Amino acid sequence: MTEQAGCITAERKKAILNRLSRIEGQVRGLQKMVVDGRYCLDILTQISSAHEALRGVGKLLMRNYLEICATQAIESKEPARQEKIYDELMDVVYKYSK
């Protein structure tokens, strides 16, 4: 996957970084909740929220990967590059289907 490094569009990069900044704030909030001795279910609720926020970032990255990185490789008509991208796609589908 490193071959396609840097293929994130500027718009998506900004959106991803904004989301990651919010997630960073959520995690700091979680730390504070633990330090403050907050109720376990409140902490678990916030963990679930942070987890879903990370899944949202993953969806953005997956869309970018499919629209740009994978599409360019498949359209390249280079059999070795196509085979590599098909292997990557199978790996990523397997990892995210767990």
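Readers should treat all values here as calculations from the given coordinates under stated rules, not as data from a laboratory. These numbers come from a predicted model, not from an experiment. Because the Cβ atoms are built from the backbone with ideal geometry, glycine has one as well, and the counts that use them run over all protein chains shown.
One table, with the values for the structure above:
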| read-out | value |
| --- | --- |
| Lysines with Cα under 20 Å of LYS98, excluding same-chain neighbours fewer than 8 positions away | LYS59 |
| Linear extension gain, LYS95 paired with ASP36, 0.36 nm per residue minus alpha-carbon span | 17.7 nm |
| R0 of 41 Å, Cβ-Cβ distance GLU52-LYS77: FRET efficiency to nearest 0.05 | 0.55 |
| Helix-only [θ]222 nm of the chain, DSSP H runs n ≥ 4, -39500 (n - 2.57) each, per residue, nearest 500 | -25500 deg cm²/dmol |
| Charge dipole of the chain about the Cα centre (unit charges at C-beta), most positive-ward option of GLN46, VAL57, LEU89 | GLN46 |
| Rg(Cα)/(2.2 N^0.38 Å) for segment 1-83, N = residue count | 1.52 |
| Kyte-Doolittle mean at least -0.5 and Cα axial length at least 20 Å: DSSP H helices in the chain | 10-35, 40-64 |
| Max mean-square fluctuation residue, GNM over the chain, Cα-Cα springs under 10 Å, options GLY58, GLY37, GLY25 | GLY37 |
| Stretchable slack from LEU44 to GLU24, in nm (0.36 nm times residue separation minus alpha-carbon distance) | 5.6 nm |
